[in-house]
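The values are calculated or read from the model by the stated rules, or taken from the named source; none is laboratory data. What you see is a predicted model; the values in this text were computed from it and never measured. So basically every Cβ, Gly included, is an ideal-geometry build from the backbone, and we count neighbours across all protein chains shown.
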Number of protein chains: 2
Amino acid sequence: MKRIFEAESTVRLWRQVYQTYTLLKTCEDQIFEEYGLTTEQYGVLVAMGYLGSPIRITDIARWLERSTNSISMIVDRMVKAGLVTRKRDRSDRRVVYVVSTSKGKNALRPATLASLEAIRKILSPLSNEERSTLLSLLGTVKYEIIRYLNPGVDIKEAKRKELEQAANVKQWLSEYGLPSTPQAKRQGGDKRKTKKKTE
Amino acid sequence: MKRIFEAESTVRLWRQVYQTYTLLKTCEDQIFEEYGLTTEQYGVLVAMGYLGSPIRITDIARWLERSTNSISMIVDRMVKAGLVTRKRDRSDRRVVYVVSTSKGKNALRPATLASLEAIRKILSPLSNEERSTLLSLLGTVKYEIIRYLNPGVDIKEAKRKELEQAANVKQWLSEYGLPSTPQAKRQGGDKRKTKKKTE
């Protein structure tokens, strides 16, 4: 019976992570659809905003931890939708870059704001302490999976990289995660402080 | 700055759920591959073991919360791999059932045991208290997403259903989540108590 009990608690936790993720994904799909994007296309735009455009497919793939092939297929559809274009390198014709169109660039900020607002709402029942507990417990599980998948991996190095990424996320958010552009802010056009959110 | 800080902590938590899930998925893919299955195919076998075979595609799809179309494609590949067969209903030829082959049935138990063992290992750094904290915090997020996706949903009803499912998981585990078959156990062939796991 003890074995069943252990297995059951394990499966329940597993299912909880799975279900939470699946629901999150459904949520994102809905939000980005309103901006004419799939969640995957949004991810590509984020990578391009983050790494700078023009950029190669392989760089986007590495950043999103996806295969070059799958990113290439997503980019194909984005070209059709007018969100990006492909452009050959002038000096080396074999190299192909992906370039954001103004349509793609213009979709990124409002889609980011809408998804941030949704996540903020979804996480609102958690106190700050609960958030950091959840972050840390998931982190423990995550690093244990990394260990499981790559025996002998340098976890310290993985954690260092993560901190680096966190700093980059902050930088990225200050560029795309605020309602007004930095220019508008400098010109005193920032209405955030006077306009209170009711939700 | 406060806004950036909030957005940052939100994004970090979001990424944590996403990364944990993605790594879990990679882990499962590796495990099930050793038993000649994809994770999706394993899911279909679980549904069939759980709901009983023969079963219709639509029932499997509903249970796994996937579209009938995607399950149909998975089943196509499973037929080719000899894991299941399709069979028409005798009285109503329009109805098609999916039936497990012995190959499919035989793959289910060892694949389940291997994945349980992996999850057990991955969750081992968490104490019982930490597990239930993680389960409950993820639950809070999950129900908030359900609320977000279906305003006015009856959360009590959703929670009741969940408890029902948990009871079913227990039942299922007692059938597929133990090393030996119930018959073997009754015949005194259960070697679990004498054979200690070293990992």
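B:Leu126 meets each of the listed conditions (1) surrounded by fewer than 15 Cβ atoms within 10 Å (Cβ to Cβ); (2) of a type in the set (A, V, I, L, M, F, W, C); (3) in a loop (DSSP other than H, G, I, E, B); (4) modelled with pLDDT of 90 or more apart from (1).
Count, please, the residues in the range B:105-137 that happen to be facing another protein chain (nearest Cβ under 7 Å) and without any contact (Cβ under 8 Å) to a residue 40 or more places away in the chain.
Taking the range B:105-137 first, the residues facing another protein chain (nearest Cβ under 7 Å) are B:116, B:118-123, B:125-126, B:130-131, B:133-135, B:137.
From what's left, without any contact (Cβ under 8 Å) to a residue 40 or more places away in the chain: B:119-120, B:123, B:125-126, B:130-131, B:133-135, B:137.
So the count comes out to 11.
Residue count for the range A:77-121 under the criterion of being among the small types (Gly, Ala, Ser), surrounded by 15 or more Cβ atoms within 10 Å (Cβ to Cβ) and outside any helix (DSSP H, G or I): the result is 2.
Which of the residues spanning the range A:129-169 are part of a loop (DSSP other than H, G, I, E, B) and of a type outside the set (Gly, Ala, Ser)? Listed by number, the residues that qualify are A:Asn150, A:Pro151, A:Val153, A:Asp154. The numbered conditions (1) modelled with pLDDT under 75; (2) loosely packed, with under 12 Cβ neighbours inside 10 Å; (3) in a helix (DSSP H, G or I) are all true for A:Gly189 except (3).
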